[in-house]
Amino acid sequence: MKVLKFGGTSVGSIESLRNVKAIVESIDGQAIVVVSALGGLTDRLIAAAKAAADNNLSYLDDVKSMTQRHIDIIDNVVDESRRNEVKERVLALLSDLKRMYDGVYLIRHLPQMTLDIIVSFGERMSSIIVAAMIKDATRHDSLNFVKTEKWYDKSIADQKLTTELIKREFFTPFVKAIVPGFISTDKRTGDITNLGRGGSDFTAALIAAAVDAEVLEIWTDVDGFLSADPRVINDAVLVSHMSFIESMELCSYGAKVIYPPTIYPVFHKNIPIKILNTFNASAPGTLITDSPLPDDLPIKGISILKETTLFLLGGNLTRGVKNSVSRTFNALAKKGVKVFNVTRSDGKSGLSFAVASSDADTTFDLICREFAPELSDGIIALPERIDNLATIAVVGDNMRANHRTGARIRSTLTRNGLAISAFSEGASDTTMLYMIAAADANSALRQIHTLLF
Ligand SMILES: Nc1ncnc2c1ncn2[C@@H]1O[C@H](COP(=O)(O)OP(=O)(O)O)[C@@H](O)[C@H]1O
Ligand SMILES: N[C@@H](CC(=O)OP(=O)(O)O)C(=O)O
């Protein structure tokens with residue numbers, strides 16, 4: 001059985017929804033179809049919630065235009081015989097949504113729990129429409145079987161429980177099962193939660209792994225995984241095949257093709273992933289599997305993690321403080337801060353590592369708290385941080401065999417006047433990293449892409 005996921009761009013318009021219908025109805029027999037909210041809707045739901053919390057009545061116009069968009073779509077894609085029933089269900093949800101916004105407006109406060117409910121409306125509505133549009137389809141509500149648990153201040157999937165519940169849900173016969181992506185409920189409280197922005201891919205992967213799908217198909221608006229972000233590189237090339245590890249690295253370092261946690265569950269079950277284009281369904285797309293193919297490209301792609309911060313903790317720490325490395329990383333791990341591009345020396349920079357800029361303030365505070373005694377005794381100085389960096393990742397299996405590539409990349413960047421703040425070559429066999437000023441990131445990406453593709 002196939003599991004298919006259609007992203008927001010695929011369910012965002014009348015034309016794209018007609019393509020979705022044709023693709024799903026052309027499948028012989030059973031399939032599970034995970035859908036995102038209509039393209040751009042999740043951003044809109046969040047922006048309107050923030051406006052309401054800021055005591056701005058513009059959220060009322062947002063609700064009006066969201067309503068109009070859904071009604072237009074229903075009028076054009078749902079068969080007349082079901083149109084009124086579907087409209088009623090979607091309008092009932094939109095009326096609940098408006099009441100939530102009214103509440104936020106009145107109390108001028110937007111708790112996370114309320115925002116989580118608000119963003120869930122996108123997938124709840126789109127899945128109702130898609131289920132009504134497709135022949136022999138039934139809607140299966142992921143709020144009942146995708147469960148999360150608390151991990152520090154985040155909600156993360158409880159994969160074991162979710163797998164059991166998915167197996168139970170899809171044990172009873174169905175033909176085409178339509179599932180809202182992204183949304184979930186807390187396993188303890190039952191409160192609505194979600195799997196994080198872009199999380200519909202993850203919903204689909206959890207289902208694919210639980211039902212032992214033959215393939216996980218991610219349907220989007222490009223012909224497959226490209227050598228770089230096509231919005232920056234207009235001659236990016238299609239990569240017909242890559243490994244799970246390569247795709248994981250590219251996505252973890254910013255390629256917005258698959259939500260990074262998606263790959264683990266299917267990787268462990270060795271279920272292939274295909275990236276396909278809803279607007280060009282006959283194109284072969286990108287196949288992601290375990291092992292390399294003979295005509296694979298040596299380098300699969302280049303991605304950018306914008307907004308990264310480099311920390312330099314100084315040689316006094318590594319030279320003079322016992323267990324400084326484990327204390328640093330334990331302190332960060334306890335708050336779920338992920339680090340990358342780590343180096344350690346007894347020289348001036350001591351321990352250096354990068355984090356996403358959204359974690360930079362937390363990182364600074366945690367380090368200061370962890371080493372408060374040493375800081376107050378003057379044994380070490382405050383951590384140095386370099387903000388406004390971007391991290392460029394160049395990815396391909398067997399990267400170590402490609403050792404000349406790194407030298408060529410660095411010489412291209414420096415020849416063109418771009419300073420590299422930190423880099424890593426050879427530490428990973430899959431990925432080389434270059435940290436440079438965020439303002440130079442797109443230019444660096446273009447230069448590296450021209451060099452390698
Ligand atoms: N290396 C890449 N290959 C293909 N697409 C990429 C890459 N990097 C970034 N993208 C962008 O990712 C977009 C698809 O992601 P997204 O907009 O989240 O789609 P969806 O709505 O299907 O979830 C593409 O339209 C493309 O602009
Ligand atoms: N709608 C959610 C979940 C999602 O996965 O969307 P998309 O498939 O359009 O990236 C979001 O915007 O984050």
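Structural remarks
- Helix-only arithmetic for the chain: the sum of -39500 (n - 2.57) across DSSP H runs with n ≥ 4, divided by the residue total, places the mean residue ellipticity at 222 nm at -13000 deg cm²/dmol.
- Each other residue within a Cβ distance under 12 Å of Ala372 adds +1 if Lys or Arg and -1 if Asp or Glu, for a net charge of -2.
- Gain on full stretching of the segment that runs from Asp72 to Gln112 - 0.36 nm per residue minus C-alpha separation: 11.3 nm
- Accessible surface comparison of Met399, Met1, Met113, probe 1.4 Å, protein chains only, largest first: the order is Met113, Met1, Met399.
- 1.4 Å probe accessible area per residue over the chain, in Å²: 45
- Summary value for region 2-221: 29 percent relative contact order, contacts being C-alpha pairs under 8 angstrom separated by 6+ residues.
- Calculated diffusion of the chain, Stokes-Einstein form, Kirkwood radius summed over Cα pairs, 4 °C and 1.567 mPa s, µm²/s: 54
- For the chain, the antiparallel share of DSSP beta bridges with both residues in that region comes to about 60%.
- For region 140-213, applying the loop criterion from DSSP together with a ceiling of 11 other beta carbons within 10 Å to the chymotrypsin sites (Phe, Trp or Tyr not before Pro) yields Tyr152, Phe171.
- Taking one quarter of the surface of the C-alpha convex hull of region 302-452 gives a mean projected area of 9.1 nm².
- Taken along the Cα-to-beta-carbon direction at a fixed 7 Å, the label points for Asp387 and Leu238 span 4.3 nm.
- Cα-projected label distance for Leu91 with Ala439, points at 7 Å along beta-carbon direction, nm: 5.4
- The stretch between Val339 and Val175 holds 54.6 nm of extra length on full extension. This uses 0.36 nm per residue minus the Cα-Cα distance.
- Excluding exposed DSSP-loop trypsin sites (Lys or Arg not before Pro) (at most 16 other C-beta within 10 Å), longest clean stretch of the chain: 1-107
- Reported to the nearest whole Å, the Cα centre-to-centre distance from region 399-427 to region 51-96 is 51.
- Using θ = phi - 60° in the Karplus curve 6.51 cos²θ - 1.76 cosθ + 1.60, the 3J(HN,Hα) couplings for region 410-419 round to 5, 5, 4, 5, 6, 4, 8, x, 9, 7 Hz; x is entered for Gly and Pro.
- If you plug the beta carbon distance of Asp361 and Asp102 into 1/(1 + (r/R0)^6) with R0 = 35 Å, you get a FRET efficiency near 0.55.
- Principal-axis tilt of helix 200-210 within the chain, Cα atoms, nearest 10 degrees: 80
- You can think of it this way: the chain between Lys150 and Asp290 has 47.3 nm of extra reach, that is 0.36 nm per residue less the Cα-Cα gap.
- For region 263-332, the equivalent ellipsoid derived from the Cα gyration tensor has semi-axes of 42, 16, 14 Å, listed largest first.
- With every protein chain in place, region 2-221: carbon and sulfur % of accessible area (1.4 Å): 50
- Above-threshold pairs, the threshold being 24 Å between Cα atoms, out of Lys50/Lys334; Lys50/Lys160; Lys98/Lys135; Lys187/Lys334; Lys98/Lys147; Lys21/Lys87: Lys50/Lys334; Lys50/Lys160; Lys98/Lys135; Lys98/Lys147
The values are calculated or read from the model by the stated rules, or taken from the named source; none is laboratory data. Quantities reported herein were computed from a predicted structural model and do not represent experimental measurements. Positions of Cβ are generated from backbone atoms using ideal geometry, with glycine treated the same way; all protein chains shown enter the neighbour counts. What goes into the accessible areas is simple: the full protein's heavy atoms, side chains included, and nothing from ligands, DNA or RNA. Shrake-Rupley method; radii C 1.70, N 1.55, O 1.52, S 1.80 Å.
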